[in-house]
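The values are calculated or read from the model by the stated rules, or taken from the named source; none is laboratory data. Owing to the predicted nature of the structure, the values given are computational and were not obtained by experimental measurement. Here the Cβ positions follow ideal geometry from the backbone for every residue, glycine too, while neighbour counts run over all protein chains shown.
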Amino acid sequence: MFRLLKRLLKLVGVASVVFWLFGERGRFKQSTFQMARAAGTRGFLTLNSLHGYVYGRWTNQYISVLINQFVPHASPGARKWLADHYHAKVLTHDHARAIVSLEHDIPLTDLEQIIPYPVARDILLTAPLDIAAYECACRHARKEHCEPTQVCMVVGKEPVEFILEHNPQSSRRLSQEEALQLLEEEHQRGHVHTAWFKDAVLDRFYAVCNCCKCCCGGIEAMTRYGMPSIVSSGYVAKVDGALCNGCGVCVEACPFGALSLAGEGVAVEWETCMGCGVCEGQCPLEAVTLERDERKGIPLDVTSLAVSSLRLAAPRSTAD
């Protein structure tokens, strides 16, 4: 299965080259050239820029094939390979808000503990971020899906311009205030904020998605098929037994199945908890909080990272 997929990708790559060079020659949109330039020579030679074109141009079809055809039938090795190239970091609600509220450029380097995958080890977040709301391909891949559907947030100048120009009916540019409102609305619905990285999109962080457990392909791949596509926020849920009455709201809301009723309270399974904070946001008694846990990795907290980068950039004083 894995070998067949690799052969298929090579054929798709060759077909994409032909299409890229001849099929639309003279009719390329400006954003296509911007994406190609940003990918550079290496991206072109490895077909990443072409892969990115297919992914961005026909996102719904691309994700539908992954969710409905590839992941359910792939071998463990093939699923691990996909996770290495297409993965996410869970964000707490505050950390998601901080990303779209950037006030300073932030270079992020040596991200192995934040994103333990071979993609996007060095990225630059340029403030203020270009942001576009985009139709959630995972929700469109389901016969019955959650609403609303325009809840994915593409970030970065090149990806945003590409999506807006090629998919004007399913995307719209967001102001910082609109992006914060979208995050708040999805948080209130009990959905997970995730930062997505993909090698087909300039080897970089390119989207903040707001994932529901019933539609999200990444959550399904992880919880149902054991594909390590999503890593923890760096936090773990903690239940205050004195406040919890065992109503089960948080158990039902948890996207990763990490909570369970235990007597008159709720138990948290440490290994399964991803620190998303959905339980915290949905608990009517405010009995659940997120607690920092170093064993879960380092949070993608751009506020603290921004402070660190400014300190490093500041000129050093010299002693008299």
Item to complete: Look through Pro116, Pro128 and report the one residue that is surrounded by fewer than 19 Cβ atoms within 10 Å (Cβ to Cβ) and free of Cβ contacts under 8 Å to residues at least 60 places away in the same chain.
Response: Pro128
Discussion item. Please determine whether any residue of segment 261-268 is surrounded by fewer than 18 Cβ atoms within 10 Å (Cβ to Cβ), under 30 Å from the mean Cα position of the chain (by Cα) and in a helix (DSSP H, G or I).
Written reply: no
Worksheet item: Just one of the numbered conditions (1) touching a residue at least 60 places away in the same chain (Cβ under 8 Å); (2) assigned to a loop (DSSP other than H, G, I, E, B) is not true of Ala195; which one?
Response: (2)
Item to complete: Have a look at His95, His87 and point out the one that is more than 28 Å from Tyr62 (Cα to Cα) and in contact (Cβ under 8 Å) with a residue 60 or more places away in the chain.
Response: His95
Fill in: Conditions (1) modelled with pLDDT under 95; (2) not in a helix (DSSP H, G or I); number of the one not met by Ile163
(2)
Discussion item. I need the strands (runs of 3 or more DSSP E) fully contained in segment 68-127, keeping only those with at least 3 residues that are at pLDDT 90 or above and under 21 Å from Val155 (Cα atoms).
Written reply: 86-91
Worksheet entry | Lone unmet requirement of (1) at pLDDT 90 or above; (2) buried (at least 17 other Cβ atoms within 10 Å of the Cβ) for Gln61 | (2)
Practice prompt. Taking the options Phe44, Phe33, name whichever one is assigned by TED's automatic domain parsing to the domain that holds Cys215, surrounded by 15 or more Cβ atoms within 10 Å (Cβ to Cβ) and modelled with pLDDT under 70.
Written response: Phe44
